[in-house]
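Have a look at the structure below, then the notes.
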Amino acid sequence: MEPIKLLTEAFQMPKTHPPYSPEFRRQMVDLVRAGRDPSDLAREFEPTAQSISHWVAQADRQEGRREEKGGGLSAAERDELARLRRENKQLRLERDILSRAAAWFARETGTIPSGSSSS
């Protein structure tokens, strides 16, 4: 059974690295922005050049320096859009309530006969 044990050891997946700290990522982003090449940083430190480039792109999007794929929005713009959508939904609800209340009061005061629609 010795050959089976060797085969299972040969095909084990490599251990994953724990996530890099936000401070470490920020330092890598700052070094790239200062002119260092992600490939050089990858050789000097542990993360891959692709990871470092991804961190730079992510930081650029968060800071509004770069648009997301497909003409996306910055984080501030996404927050504002979500807030405006909530506000718009609330205003529609209030308008509908006021419209129904106005129709009810008009029927109660006899301004508009019951069951008829003037619209």
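No value in this document is a laboratory result; all are computed from the given coordinates. Computed from a predicted model, the values in this text were never measured in an experiment. Here Cβ is always computed from backbone atoms with ideal geometry, including for glycine, and neighbour counts include all displayed protein chains.
Along the positive direction of the dipole of the stretch 20-70 (beta-carbon charges: Lys, Arg +1; Asp, Glu -1; about the Cα centre), which of Leu31, Trp55, Ser21 reaches farthest?
Farthest towards the positive end: Trp55.
Under a plain spin-label model, where a point goes 7 Å from the Cα along Cα-to-Cβ, how far apart in nm are Asp40 and Ala101?
Going by the 7 Å Cα→Cβ label model, 6.7 nm.
Using 7 Å Cα-to-Cβ label points, what is the Gln50/Gln90 separation (nm, one decimal)?
Label at Gln50, label at Gln90, 4.5 nm between them.
What is the distance, in nm, between label points placed 7 Å from the Cα along the Cα-to-Cβ direction at Arg78 and at His17?
Rounded to a tenth, the inter-label distance reads 2.5 nm.
Relative to the Cα centre, what is the charge dipole magnitude of the stretch 20-70, using +1 at the beta carbon of each Lys and Arg, -1 at the beta carbon of each Asp and Glu, and rounding to the nearest 20 debye? Walk me through the numbers on the way to the answer.
On the way: 9 positive and 10 negative charges, 25 e Å.
Dipole size: approximately 120 debye.
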